[in-house]
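Remarks on the structure that follows.
The values are calculated or read from the model by the stated rules, or taken from the named source; none is laboratory data. Remember, it's a predicted structure, so these values are computed and weren't measured experimentally. Cβ placement follows ideal geometry from the backbone for every residue including glycine, while neighbour counts extend to all protein chains displayed. Remember, those area values only see protein heavy atoms, side chains included, never the ligands or the DNA or RNA. Shrake-Rupley method; radii C 1.70, N 1.55, O 1.52, S 1.80 Å.
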Amino acid sequence: MSSTVSLNKLLDELSLIEKDAEKDIQEALNQELLEQLRISFLGKKGRLSAVLGLMGKISDQERPVIGQKANSLKHYLLDLISKRQEILKKQALNQLLDRETIDVTAPAIGIPQGHRHPLITTTEKIIDLFTGLGYKVVEGPEVENDFYNFEALNIPENHPARDMQDTFYLEDNLLLRTHTSPVQIRFLENNPPPVRIISPGRVYRRDAVDATHSPVFHQIEVLAIDEGLDFSHLRGTVMAFLQAFFGDLPVRFRASYFPFTEPSAEVDVKWQGKWLEVMGCGMVDPAVLEGMGIDSDRCTGFAAGLGVERFCMVRHEIDDIRRLFTSDLRFLEQF
Ligand code: DAH
């Protein structure tokens with residue numbers, strides 16, 4: 001290195017550094033660029049260090065002048081850098097906030113929400129009312145055999161009552177149950193009286209589809225067996241239940257016939273000016289009890305089979321049973 005480094009030259013270089021740095025720092029667009037500037041001006045191999053490296057080439061008197069200048073320049077630039085840093089930080093934060101701003105006035109994006117089918121909610125309501133009376137819910141299979149669906153219910157082969165329930169037959173003496181009554185038998189097989197159960201479920205019949213018929217529908221079976229039960233208990237239970245379900249709709253009991261009950265009745269409610277049958281019921285036929293090994297002199301019982309679709313249609317004023325099975329959202333969304 002030449003020994004002719006002059007004080008002025010170093011002073012010029014310092015002011016040049018100052019000018020360049022001021023401009024560059026002011027224009028730095030982000031924190032990484034700012035850090036690069038710091039290194040290039042103030043780092044070990046930076047421009048300020050280069051000036052300090054020449055200090056040995058100037059006189060002892062001049063050295064402090066450069067030392068002080070360089071030192072204050074260094075502090076000045078550090079200060080500029082940290083101020084610029086603050087500004088960049090704020091800018092970055094504001095950009096982030098802008099990006100993440102939530103427009104509370106924007107219209108909501110609805111998330112479509114499913115809900116339970118009206119047949120399910122109707123079933124649940126009926127279950128609720130009966131469990132409130134002390135009944136227990138049990139279930140049985142939809143694929144049954146002749147014994148449970150007919151035989152044990154006092155419907156022997158060739159009995160005309162079989163015609164009332166046009167049956168879907170499967171292989172191996174199996175069939176799709178035509179009613180929930182077989183659950184009575186399945187339960188009594190394993191549970192001695194006293195019995196108070198209800199059994200909801202799907203049943204199947206070879207019915208042509210129309211506004212009031214569907215080959216698949218739902219029933220709820222009711223069975224109570226105990227000492228001393230008579231028709232007044234049946235009637236009282238049915239009336240209490242119907243009142244709780246429908247409120248004050250007119251109700252009538254009509255004498256009827258079922259092979260597994262004696263006497264038997266059908267129950268109608270008056271709806272839209274017409275009597276509508278909603279259930280069959282009766283005192284359990286002693287033959288059924290005896291078949292299950294129950295002493296029919298000691299124990300009596302009553303039973304009922306409710307058509308869930310009917311309850312649902314009256315409750316929601318639905319005029320056509322097919323609406324309950326076609327999964328049309330425009331219909332289902334109303335419930
Ligand atoms: N199982 C009958 C049917 O599906 C309905 C029924 C009538 C059930 C009288 C009963 C009853 O438990 O006692 O047509």
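One Cα centroid belongs to the stretch 258-307, the other to the stretch 48-112; the line between them spans 91 Å.
In the full protein context, the chain carries 57 Å² of accessible surface per residue, based on a 1.4 Å probe and ignoring ligands, DNA and RNA. Is it possible to state the helix-based mean residue ellipticity at 222 nm for the chain, with each DSSP H run of 4+ residues giving -39500 (n - 2.57), the sum divided by total residues, to the nearest 500 deg cm²/dmol? What is it? It lands at -13500 deg cm²/dmol. Built from the Cα atoms of the chain, the convex hull projects on average onto 34.5 nm², one quarter of its surface area. Of the GluC sites (Glu not before Pro) found in the stretch 266-335, those in coil by DSSP whose Cβ has at most 16 other Cβ atoms within 10 Å are E317, E333. Here the peptides 270-276, 72-78 are ranked by packing, the mean other Cβ count within 10 Å, and the order with the highest first is 72-78, 270-276.
If you wrap the Cα atoms of the stretch 3-100 in a convex hull and average its projected area over all directions, you get 6.2 nm².
Rolling a 1.4 angstrom probe over the chain with all protein chains present gives an accessible area of which 52% lies on carbon and sulfur atoms.
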